[in-house]
Amino acid sequence: MSDSPPIEFAFPELRRWEKGAAPYIHVFDSGKPGPTVMVAALTHGNEVSGAIVVDALLQKGLRPRSGALILGFNNIDAYHSFDPRTPFKSRMIDEDFNRTWGRLDQPATTAETRRAQVVRPFVERADLLLDLHSMHDDGVPLMLAGPLAKGAELAKKVGAPVDIIADAGHAAGMRMRDYGGFGDPKSPKNALLIETGQHWRASSVTVAKDVTARFLAVTGIVEPADLPADWKQPTPARQRVVEVTHAIATKRGNFTPVRHFEGQETIATAGTVLGHDDGEPVTTPYDNCVLVMPSSNRPLRPGVTVVRLGRLV
Ligand SMILES: [Zn+2]
């Protein structure tokens with residue numbers, strides 16, 4: 001595909017990590033009291049920056065000083081299906097792994113529900129979860145903190161990236177980061193999902209390393225010095241929380257934006273036209289509206305989200 005973005009790094013060979021507590025899941029228990037912390041990669045099979053980080057932590061032999069550490073590769077079969085001619089296809093095998101979490105008590109009928117049932121006991125064991133993702137389009141890194149205040153609070157403790165997105169997930173199905181105690185305001189369990197940037201940018205690996213190092217240090221199960229010294233990047237001067245209020249979907253795939261949107265830009269005035277869907281104007285509903293993860297710059301199927309709209313909180 002000539003319009004595919006460049007792949008700026010080598011993909012890691014992961015078959016050496018097959019044998020673990022479950023296939024491609026490794027558990028390290030310090031034997032001392034402390035939280036169980038999970039870092040997961042490849043929830044989407046072509047989101048490789050996180051796989052480089054988890055591979056590096058396994059190679060380095062990182063062990064928790066307290067509590068337990070779980071390192072895993074979720075949709076490993078999708079990763080192994082990668083074909084550089086159709087790089088976006090290896091996001092999944094049968095369905096989106098990250099929309100299955102509300103129906104894992106039903107019989108597994110897809111590669112992803114079968115794999116999620118294998119991964120589930122480890123997710124249930126985790127007190128703190130970091131799920132490493134990346135994005136189809138070029139864009140700034142985003143921390144998806146979920147709909148609860150505790151998610152944004154943890155993202156602030158991590159301290160990067162700049163943009164924290166408070167969002168309710170997808171009507172199409174529950175995400176891993178919202179599962180069980182992570183989605184319960186009364187539970188002390190907490191989860192974050194980082195979108196590191198475009199899937200195959202070298203800069204996305206830098207972001208994945210930075211956020212993972214920060215997250216692990218915040219959990220207290222390792223010392224910052226246990227992690228590679230060059231992973232942590234300078235701390236941004238400030239972070240901001242954007243609460244997603246609307247998801248704009250294209251009715252029939254006929255959305256035409258008025259211009260190219262980068263993502264995370266703030267549109268000052270309510271009523272500004274963003275584009276036209278089937279000829280009907282789509283406008284911002286309030287002043288200082290943030291455009292979250294626009295996918296308006298490429299052809300979309302009917303019903304797909306064109307852009308999410310957010311309010312600074
Ligand atoms: Zn993803």
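The values are calculated or read from the model by the stated rules, or taken from the named source; none is laboratory data. What you are looking at is a predicted structure, and each value in this text was computed from that prediction instead of being measured. Neighbour counts are summed over all protein chains in view; Cβ atoms, including those assigned to glycine, are modelled from backbone coordinates with ideal geometry.
Worth a mention:
- Tally, over segment 28-44, of residues that are over 13 Å from L216 (Cα atoms) and either away from the ligand (no atom under 16 Å from the Cβ) or assigned to a loop (DSSP other than H, G, I, E, B) (or both): 9
- Set E47, E13, E18: member being within 30 Å of D138 (Cβ to Cβ) and away from the ligand (no atom under 16 Å from the Cβ): E13
- Extreme residue, surrounded by the most Cβ atoms within 10 Å (Cβ to Cβ), among residues of segment 146-159 that are away from the ligand (no atom under 15 Å from the Cβ) and in a loop (DSSP other than H, G, I, E, B): L148
- Scan segment 162-186 for residues that are touching a strand residue (DSSP E or B) at 6+ places or on another chain (Cβ under 6 Å) and part of a loop (DSSP other than H, G, I, E, B) and the total you get is 1.
- Qualifying residues in segment 59-72 (those that are within 17 Å of E18 (Cβ to Cβ) and in contact with a Gly (Cβ under 9 Å, 6 or more places away or on another chain)) - the one nearest to the ligand (Cβ to nearest atom): G72
- In the set (1) assigned to a helix (DSSP H, G or I); (2) within 16 Å of the ligand (Cβ to nearest atom); (3) of a type outside the set (A, V, I, L, M), the condition left unmet by R214 is number (2).
- Looking across segment 89-136, the residues that are part of a loop (DSSP other than H, G, I, E, B), hydroxyl-bearing (S, T, Y) and without any contact (Cβ under 8 Å) to a residue 24 or more places away in the chain come down to T109, T110.
- Residue list for segment 179-199, filter: charged (D, E, K, R) and within 21 Å of S295 (Cβ to Cβ): E195
- Residue in segment 192-223 that is nearest to I70 (Cα to Cα), counting only those that are of a type in the set (S, T, Y) and over 14 Å from the mean Cα position of the chain (by Cα): T219
- The lone exception for V53 - which of (1) outside any helix (DSSP H, G or I); (2) within 27 Å of D137 (Cβ to Cβ) it fails: (1)
- Figure legend. Inter-residue proximity from segment 192-210: first residues not assigned by TED's automatic domain parsing to the domain that holds D167, second residues within 14 Å of the ligand (Cβ to nearest atom), beta-carbon distance below 8 Å, spacing 6+ or different chains. No pairs are indicated.
- Residue list for segment 80-95, restricted to those being modelled with pLDDT under 95 and closer than 23 Å to G169 by Cβ: F88
- Taken over segment 124-136, the residue count meeting the criterion of being away from the ligand (no atom under 16 Å from the Cβ) and surrounded by 23 or more Cβ atoms within 10 Å (Cβ to Cβ) is 2.
- Here G139 fulfils each of the conditions (1) away from the ligand (no atom under 16 Å from the Cβ); (2) under 18 Å from R308 (Cα atoms) apart from (1).
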